[in-house]
1. Across the range 134-175, which residue is surrounded by the most Cβ atoms within 10 Å (Cβ to Cβ) among those that are small (Gly, Ala, Ser) and within 27 Å of Gln24 (Cβ to Cβ)?
2. So, in the range 10-29, exactly how many residues are polar (S, T, N, Q) and within 24 Å of Arg77 (Cβ to Cβ)?
3. Restricting attention to the range 62-94, which residues are more than 14 Å from the chain's Cα centre (by Cα) and surrounded by 15 or more Cβ atoms within 10 Å (Cβ to Cβ)?
4. Would you point out the residue of the range 92-111, among those that are among the β-branched types (Val, Ile, Thr) and not in a helix (DSSP H, G or I), that is nearest to Val68 (Cα to Cα)?
5. Kindly establish whether Val131 is surrounded by 20 or more Cβ atoms within 10 Å (Cβ to Cβ) and touching a Ser or Thr at 6+ places or on another chain (Cβ under 7 Å).
6. Return the pair list, or none, for Cβ contacts closer than 6 Å from residues in the range 80-96 that are within 26 Å of Ile146 (Cα to Cα) and in contact (Cβ under 8 Å) with a residue 60 or more places away in the chain to residues that are of a type in the set (S, T, N, Q) and surrounded by fewer than 18 Cβ atoms within 10 Å (Cβ to Cβ), at least 6 apart or on different chains.
7. Condition first: under 16 Å from the mean Cα position of the chain (by Cα), part of a strand (DSSP E or B), of a type in the set (A, V, I, L, M) and surrounded by 15 or more Cβ atoms within 10 Å (Cβ to Cβ). Can you find one or more residues in the range 112-125 that meet it?
Amino acid sequence: MSMQVIGAGVGRTGTYSLKLAINQLGFGPCHHMEEVLHKMPEQVPLWSAATAGEADWSRIYDGYQSAVDWPTACFFRELVQEFPSSRFVLTQRDPEKWADSFGTTIYRLLSDRDEAPDNMQAWLDMSTDVVAKTGFPAGLDREQLIQAFIAHNAAVKEAIPANRLLLFNVKDGWNPLCEFLEVPVPANDFPRTNHREEFWDRVNGKI
């Protein structure tokens, strides 16, 4: 199965809403970090290998037509070469608001990983490596996170041809995404989900 849509935006930029939208538009199943959480025995070793430079993309994305969020967002340079017909979506957000959200969710989770249950450790170690490889190592303060976020987005725009890349804020709804993917606009509202409380519920397996 060929990858049709790939998200280059990091977590906390509306990636879960984008996943739901992509699935609804017929480009699913869409891979997301949630998939890794649900399939840790299979997915974590594959992504750990990818982080070490030994990616097996056909196995990682077996059964998927699209992917968003981490770990995918770390590998946009590799994926733009691996899937030359794929279209990319860079989810955008105000850098300061992103840093506040990221700092109180993903970054906090990774910094406190020693307190997590044993069955989560391999996933947390892989996630820490992926996030660091993307440009967000442990120990950054708020201003450094903001600058790293800006740098990531700039790197995506430099690496991916403009005709294959949509700069997308989920607040803009269906129209820009549907125009980019050349599909009709659905009648229902664009998905709005994964606020901070929902993030913790997903990590803890409550949803």
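Bear in mind these aren't lab numbers, they're just calculated from the coordinates by the rules spelled out. Predicted model only: the values in this text are computed from it and were never measured. Neighbour counts are summed over all protein chains in view; Cβ atoms, including those assigned to glycine, are modelled from backbone coordinates with ideal geometry.
1. Looking only at the range 134-175, we keep the residues that are small (Gly, Ala, Ser), and these are 135, 138-139, 148, 151, 154-155, 159, 162, 173.
Subset that is within 27 Å of Gln24 (Cβ to Cβ): 162, 173.
Values: Ala162: 8, Gly173: 17.
Across the range 134-175, the extreme among qualifying residues is Gly173.
2. Step one: filter the range 10-29 for residues polar (S, T, N, Q), giving 13, 15, 17, 23-24.
This time we only want the ones that are within 24 Å of Arg77 (Cβ to Cβ), so: 13, 15.
Total meeting the criteria: 2.
3. Tyr64, Gln65, Val80, Glu82, Phe83, Ser86, Arg87
4. Narrowing the range 92-111 to residues among the β-branched types (Val, Ile, Thr): 104-106.
Still in the list and also not in a helix (DSSP H, G or I): 104-105.
Numbers: Thr104: 21, Thr105: 18 Å.
Ranking the candidates gives Thr105 first.
5. Working: surrounded by 20 or more Cβ atoms within 10 Å (Cβ to Cβ): yes; touching a Ser or Thr at 6+ places or on another chain (Cβ under 7 Å): no.
No; evaluated as a whole, the condition is false for this residue.
6. Every condition considered, the pairs that remain are Gln92/Asn169.
7. Keep residues of the range 112-125 that are under 16 Å from the mean Cα position of the chain (by Cα), which gives 123-124.
Next cut, part of a strand (DSSP E or B) only: none.
No: zero hits.
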